[in-house]
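K.L.:
Sending over a structure as structure tokens; questions will come in a sec.
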Amino acid sequence: MEPLYFVMAIMGCGDAGAACEQARVEPVRYRTALECQAAMPDVLARNSDLSFPEITGACQQQGLRMAKAETRPRG
């Protein structure tokens, strides 16, 4: 089973953040959302070649997350 991780989607937006669409996904996997968010300034700088008025990033969870089973007494 694949562990939970985060990836950064690079979003291209119109003026004032209107009508954003996913333009790319960074190939790097981050262990936590905080690691992903901390990398955002450098990642956005590397992706400045996109032809949108604004670009932004969004950290997204990937992988599987298992639900914790609760046991209930029979009766």
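K.L.:
For a protection proxy built on the mean count of beta-carbon atoms within 10 angstrom, sort 39-46, 55-62 highest first, please.
P.N.:
So the peptides 39-46, 55-62, ranked by packing, come out 55-62, 39-46.
K.L.:
Would you kindly derive the ³J(HN,Hα) couplings of region 27-36 from the backbone phi angles with the Karplus curve 6.51 cos²θ - 1.76 cosθ + 1.60 (θ = phi - 60°), listing them in order in whole Hz, with x for Gly and Pro?
P.N.:
With the stated coefficients, region 27-36 comes to x, 6, 9, 10, 6, 9, 5, 5, 4, 4 Hz.
K.L.:
Right, next: Please list, in order along region 49-62, the HN-Hα scalar couplings obtained from phi with the Karplus expression 6.51 cos²θ - 1.76 cosθ + 1.60 (θ = phi - 60°), rounded to whole Hz, x for Gly and Pro.
P.N.:
Values, residue by residue: 7, 5, 9, 10, x, 9, 10, 8, x, 9, 7, 10, 6, 9 Hz.
Every number here is computed from the coordinates shown, using simple stated rules; none is lab data. Nothing here was measured: the structure is a model prediction, and the numbers come from that model. Because the Cβ atoms are built from the backbone with ideal geometry, glycine has one as well, and the counts that use them run over all protein chains shown.
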